[in-house]
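Here's the structure we're looking at; comments come further down.
What follows draws every value from the coordinates through simple rules; no lab data is involved. Only a predicted model underlies this, so the values are computations on that prediction, with no experimental measurement involved. Because the Cβ atoms are built from the backbone with ideal geometry, glycine has one as well, and the counts that use them run over all protein chains shown.
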Amino acid sequence: MRPPPPTRMAQARRFTAFARDYNEERPHEALGQRPPASVYQPSMRAMPGRLPKPDYPSEAAVRQVRSTGEIKWRGDFIHICSALGGEAVAVEEIEDGSWQVRFFDVPIGIIDRQTRKLRRCASAAPQLTKS
């Protein structure tokens, strides 16, 4: 491993060279030995500058996710997801008396009544894809 260059500018050039090699020249096994730049396509959808306000049903308890990723629920702080900081989530009672948390139409998890922690829904867990 080489030592870092003496200046930030020199280090930035080294990072740029690494990124170019990694993305444009170096083959990746998962991509059939092609570099990522050869298979990348920009999305047809534009990324909105700001998400629209969710339209949750009136019976849902709406909570703002704090910058720490938590909501306040029935006197406790429940960790939901740091990435949703500043966003509104719905907390809705489900058939067994538990509380489901969702973001727009995406279920995130169920608040466990005993532990007062969020149990992630299978659909909210990161999915590994096989190619």
Cα→Cβ-extended label distance, 7 Å offset, between residue 25 and residue 112, nm: 5.0
Take the chain, mark every one of the GluC sites (Glu not before Pro) that falls in a DSSP loop and has at most 14 other Cβ within 10 Å, then report the longest stretch left between them, sites excluded. 1-58
Taking only Cα atoms and a 10 Å spring cutoff, compute GNM fluctuations for the chain and point out the largest among 58, 82, 98. 58
Which residue fluctuates most in the GNM of the chain (Cα springs below 10 Å): 84, 118, 51? 51
Residue-wise HN-Hα coupling along region 37-48, computed from phi with Karplus coefficients 6.51, -1.76, 1.60 (Hz; x: Gly, Pro): 4, 6, 10, 5, 9, x, 5, 6, 8, 7, 6, x
Go through region 64-77 residue by residue and turn each phi into a ³J(HN,Hα) via Karplus (6.51, -1.76, 1.60, θ = phi - 60°); whole Hz please, and just put x for glycine and proline. 8, 6, 6, 4, 7, x, 10, 10, 9, 9, 6, x, 10, 9
Inter-part distance where region 1-26 and region 50-65 are each reduced to a Cα centre, Å: 44
Qualifying trypsin sites (Lys or Arg not before Pro) for region 38-71 [loop in DSSP, other Cβ within 10 Å: at most 11]: 45, 50
In the Gaussian network model of the chain, springs joining C-alpha atoms below 10 Å, which of 30, 90, 12 carries the largest mean-square fluctuation? 12
